[in-house]
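J.: This is the structure I want to talk about, given as structure tokens.
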Amino acid sequence: QKEVEQNSGPLSVPEGAIASLNCTYSDRGSQSFFWYRQYSGKSPELIMFIYSNGDKEDGRFTAQLNKASQYVSLLIRDSQPSDSATYLCAVNEITGGGNKLTFGTGTQLKVEL
Amino acid sequence: ETGVTQSPTHLIKTRGQQVTLRCSSQSGHNTVSWYQQALGQGPQFIFQYYREEENGRGNFPPRFSGLQFPNYSSELNVNALELDDSALYLCASSRQVRGSGNTIYFGEGSWLTVV
């Protein structure tokens with residue numbers, strides 16, 4: 001049973017600070033990782049995905065992957081109140097030509113004024 | 001805008017009834033997956049369809065079934081509804097590209113309440 005672990009939070013950061021969200025996974029063979037943002041009552045919105053060890057930057061977001069330690073993180077720079085949401089980490093498994101995402105339970109982020 | 005549309009957005013059913021949820025995939029995306037997200041949980045994989053065939057299934061009973069149509073739209077059917085089936089049902093669309101990454105986008109979801 002593949003598992004993805006996230007701290008449920010809430011993680012509170014002041015406006016303008018860096019928010020750091022972490023995720024660990026159990027399957028050492030996992031190859032690709034996704035971060036989604038989910039506002040209350042809405043569906044998950046893709047932020048970014050990462051395949052290679054190291055950092056991947058997209059605007060204020062940076063995903064970091066360390067396959068040896070089996071963790072992936074998401075950094076949000078210059079956090080804004082609009083970033084307040086639940087952040088879902090997902091591990092992608094390629095299955096017979098398709099994709100299956102295994103999600104963590106999500107980390108609730110609160111950006112305070 | 002993900003290009004994945006779902007209907008209906010909200011519905012209420014009675015225990016024991018049957019429900020059909022619909023999804024229209026993004027143009028060019030030929031794989032569709034369905035997920036169930038209970039309150040406070042991450043989405044759980046139900047099953048996936050590729051070229052109109054079921055192509056992987058999660059830990060859900062047979063009363064959860066689906067279809068994919070030639071135009072890549074899809075349906076999720078749930079029979080004999082139970083109270084625990086109350087959840088947000090998400091359709092996800094992705095495109096297979098050999099040797100490259102995939103992007104997986106969700107629709108807005110269908111909120112199902114079973115009473």
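The values are calculated or read from the model by the stated rules, or taken from the named source; none is laboratory data. Since this is a predicted model, take the numbers as computed values, not measurements. Positions of Cβ are backbone-derived with ideal geometry, glycine not excepted, and every protein chain shown enters the neighbour counts.
J.: For region A:89-107, which positions are surrounded by 20 or more Cβ atoms within 10 Å (Cβ to Cβ) and touching a residue at least 60 places away in the same chain (Cβ under 8 Å)?
T.: Result: A:C89, A:A90, A:V91, A:N92, A:L101, A:T102, A:F103, A:G104, A:G106, A:T107.
J.: Moving on. Taking region A:25-43, which residues are over 22 Å from B:V4 (Cα atoms) and not small (G, A, S)?
T.: Listed by number, the residues that qualify are A:Y25, A:D27, A:R28, A:Q31.
J.: Can you say whether A:L75 is over 30 Å from B:L112 (Cβ atoms) and either without any contact (Cβ under 8 Å) to a residue 60 or more places away in the chain or more than 8 Å from chain B (Cβ to nearest Cβ) (or both), as far as the supplied structure shows?
T.: In short, yes.
J.: Right, another one. Sort through B:Q48, B:Q26, B:Q68, B:Q96 and tell me the only one that's touching a Phe, Trp or Tyr at 6+ places or on another chain (Cβ under 6 Å), of a type outside the set (D, E, K, R) and modelled with pLDDT under 95.
T.: Step by step, each of B:Q48, B:Q26, B:Q68, B:Q96 is checked, and only B:Q68 is touching a Phe, Trp or Tyr at 6+ places or on another chain (Cβ under 6 Å), of a type outside the set (D, E, K, R) and modelled with pLDDT under 95.
J.: Continuing with the same structure: What do you reckon, is B:V4 away from chain A (no Cβ under 14 Å) and in contact (Cβ under 8 Å) with a residue 24 or more places away in the chain?
T.: no
J.: Here's a check for you: in region B:33-45, which residue that is touching a residue at least 12 places away in the same chain (Cβ under 8 Å) and facing another protein chain (nearest Cβ under 9 Å) is surrounded by the fewest Cβ atoms within 10 Å (Cβ to Cβ)?
T.: B:Q44
J.: Shifting gears a bit: As an exercise: evaluate A:P81 against (1) over 17 Å from A:N22 (Cα atoms); (2) free of Cβ contacts under 8 Å to residues at least 60 places away in the same chain; (3) touching a strand residue (DSSP E or B) at 6+ places or on another chain (Cβ under 7 Å) and give the number of the one condition it does not meet.
T.: Going through (1) over 17 Å from A:N22 (Cα atoms); (2) free of Cβ contacts under 8 Å to residues at least 60 places away in the same chain; (3) touching a strand residue (DSSP E or B) at 6+ places or on another chain (Cβ under 7 Å) one by one, A:P81 breaks only (2).
J.: Same structure again: Only one of A:T86, A:T62, A:T102, A:T24 is part of a strand (DSSP E or B), under 16 Å from the mean Cα position of the chain (by Cα) and more than 21 Å from B:Q44 (Cβ to Cβ); which?
T.: Criteria check complete, one pass: A:T62.
J.: Please indicate, with yes or no, whether at least one residue in region B:20-30 is exposed (fewer than 13 other Cβ atoms within 10 Å of the Cβ), in contact (Cβ under 8 Å) with a residue 40 or more places away in the chain and assigned to a loop (DSSP other than H, G, I, E, B).
T.: yes
J.: Same structure, new question: Considering only strands (runs of 3 or more DSSP E) fully contained in region B:46-115, which possess at least 3 residues that are more than 14 Å from chain A (Cβ to nearest Cβ) and either crowded, with 16+ Cβ neighbours inside 10 Å or not charged (D, E, K, R) (or both)?
T.: The strands (runs of 3 or more DSSP E) meeting that bar are B:64-68, B:74-78.
J.: Ok, one more. Checking A:I47 against (1) in a loop (DSSP other than H, G, I, E, B); (2) surrounded by 13 or more Cβ atoms within 10 Å (Cβ to Cβ), which single condition isn't satisfied?
T.: (1)
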